[in-house]
Amino acid sequence: MNRRQFLLAAASAATLPALSFSGNLFAAPASSPRFLLVFLRGGYDCNNLLVPCASDFYYESRPSLAIARPDPANPDSAIALDAQWGLNPVLRESLLPLWQRKQLAFVPFAGTDDLSRSHFETQNNIESGQPTANRGSFRSGFLARLSSQLSGVPAIAFTKNLPLSFQGAGKDIPNISMKADPKARFNARQSTILGDMYKGTPLAAATADGLALPASISEDLRNEMVKASGGAPSARSFATETRRIATLMRDQYRLGFVDVGGWDTHVNQGSVSGGLANNLRNLGEGLAAYADALGDEWNNTVVVVLSEFGRTFRENGDRGTDHGHGTVHWVLGGKVNGGRIAGEQVAVNAACLLQNRDYPVLNNYRDVLGGLLARTWELSNRQLQNVFPQARPRDLQLV
């Protein structure tokens, strides 16, 4: 039985999130770069995040969903970022300060060349990081390949199961869900039994590490529950989750992945209220909490937020939006060259839509991430081609 088989079997027996741990966990140098990928599963509606408020076509296309043009007298209007674009006002307290400090940039007309508009196919396409027309493996993710190119850069997925992004690394990548579940751990008796079973074997170190981390996380969860009546954030909120993530990324890990679901908004999507607005508010609060919890190490951090695709530009008959194509990526960090809308753009009008329905993709995610990761870790062209085969990295000078 190898490490992964052992840990998966043990986790299943004790209802732990799926775990995999290398035998030697260590703290990376404090000032080394950090990268966190936040994957919004479900295809979020970028048009009601980054609002094309200078476009008459936007207001014609969304009679019930459009967010009002910037108006200082209207708190529910878009917040002007420049002459063309505005920000959903539900992010006024969380993301706007990062934008004003030039620690947040947006890349519109971004995404993949996969036109299937299928959640699962496009998610897999992006996580694999391989050319759509020539995928070499369906079990190799671009973060796994990136990890293999880096030395001294511990990686982790903050998910219940190891995502495709981190599969195929040729080494154990730990994964653990940071959602509040105080029962998601071995008890003391189980820990002792498992530790004794593998004492003196090659799996002893992996067993000890695999048991120690969730025990530490569970202690944090117990402390949170005690403080909850004093105004602590809900254990179910993304902000609580990102604070836990920040602790591990600050002290030990440097390459991370977390996903957030609930972005498929076919019906009653809303604009500044409703399901999408609630998700955006929660996400913004989580990202702001992550930046705050990292402290000075926020200056050594880059966060990228992306989704498998955007939504149809026009609203549908159910006051929602359907599966689209182009979307908006977010790039955040203490030293990000932000306060700007980056990448290639076109006018937001009917003539520029893809197939008369979606944003076109002008900024391929493999090229954009390739340029960003190259600057973050000073990767060579050979290394980049190993991470994103056949990509043409574009340096948007985001860092």
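Data overview
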{"read-out": "Checking GLU285 against (1) assigned to a loop (DSSP other than H, G, I, E, B); (2) under 20 Å from the mean Cα position of the chain (by Cα), the condition it does not meet", "value": "(1)"}
{"read-out": "Exclusive hit being surrounded by fewer than 18 Cβ atoms within 10 Å (Cβ to Cβ) and either of a type in the set (D, E, K, R) or on the phi < 0 side of the Ramachandran plot (or both), set GLY275, GLY286, GLY324", "value": "GLY275"}
{"read-out": "Of all residues in segment 232-275 being of a type in the set (Phe, Trp, Tyr) and at pLDDT 90 or above, the one that is nearest to SER94 (Cα to Cα)", "value": "TRP263"}
{"read-out": "Candidates LEU306, LEU294, filtered to the one that is assigned to a helix (DSSP H, G or I) and among the aliphatic types (A, V, I, L, M)", "value": "LEU294"}
{"read-out": "Residues being in a loop (DSSP other than H, G, I, E, B) and either out of contact with any strand residue (DSSP E or B) (no Cβ under 7 Å at 6 or more places or on another chain) or under 14 Å from TRP85 (Cα atoms) (or both) - total across segment 309-336", "value": "8"}
{"read-out": "Qualifying positions in segment 251-277 - part of a helix (DSSP H, G or I) and either touching a residue at least 60 places away in the same chain (Cβ under 8 Å) or of a type in the set (Val, Ile, Thr) (or both)", "value": "ASP251, LEU276, ALA277"}
{"read-out": "Inter-residue pairs, beta-carbon under 9 Å, first at positive phi and in segment 38-62, second in a strand (DSSP E or B) and β-branched (Val, Ile, Thr), 6+ apart", "value": "GLY42/VAL260; GLY43/THR327"}
{"read-out": "Looking only at segment 100-131, and only at residues there that are closer than 20 Å to SER55 by Cβ and hydrophobic (A, V, I, L, M, F, W, C), the one that is farthest from the chain's Cα centre (by Cα)", "value": "PHE109"}
{"read-out": "Test: residue in segment 317-335 that is in contact with a Lys or Arg (Cβ under 9 Å, 6 or more places away or on another chain) and hydrophobic (A, V, I, L, M, F, W, C)", "value": "no"}
{"read-out": "Residue that is charged (D, E, K, R), surrounded by 15 or more Cβ atoms within 10 Å (Cβ to Cβ), at pLDDT below 95 and on the phi > 0 side of the Ramachandran plot, where the choices are ARG319, ARG394", "value": "ARG319"}
{"read-out": "Residue count for segment 69-115, restricted to those that are surrounded by fewer than 17 Cβ atoms within 10 Å (Cβ to Cβ) and not in a loop (DSSP other than H, G, I, E, B)", "value": "2"}
{"read-out": "Cross-chain or 6+ apart pairs with Cβ under 6 Å, segment 339-366 first and free of Cβ contacts under 8 Å to residues at least 40 places away in the same chain, then assigned to a loop (DSSP other than H, G, I, E, B)", "value": "CYS352/VAL346; LEU354/HIS325; LEU354/PRO360"}
{"read-out": "Filtered residues of segment 132-168 (kept if over 18 Å from the mean Cα position of the chain (by Cα), touching a residue at least 60 places away in the same chain (Cβ under 8 Å), closer than 17 Å to ARG366 by Cα and outside any loop (DSSP other than H, G, I, E, B))", "value": "ASN134, GLN149"}
{"read-out": "Selection count, segment 378-399, where residues are part of a helix (DSSP H, G or I) and under 19 Å from the mean Cα position of the chain (by Cα)", "value": "1"}
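The values are calculated or read from the model by the stated rules, or taken from the named source; none is laboratory data. Just so we're clear, the structure is a prediction, and the values are computed from it rather than from any experiment. For neighbour counting, all protein chains shown are included, and Cβ atoms are generated from backbone atoms with ideal geometry for every residue, glycine included.
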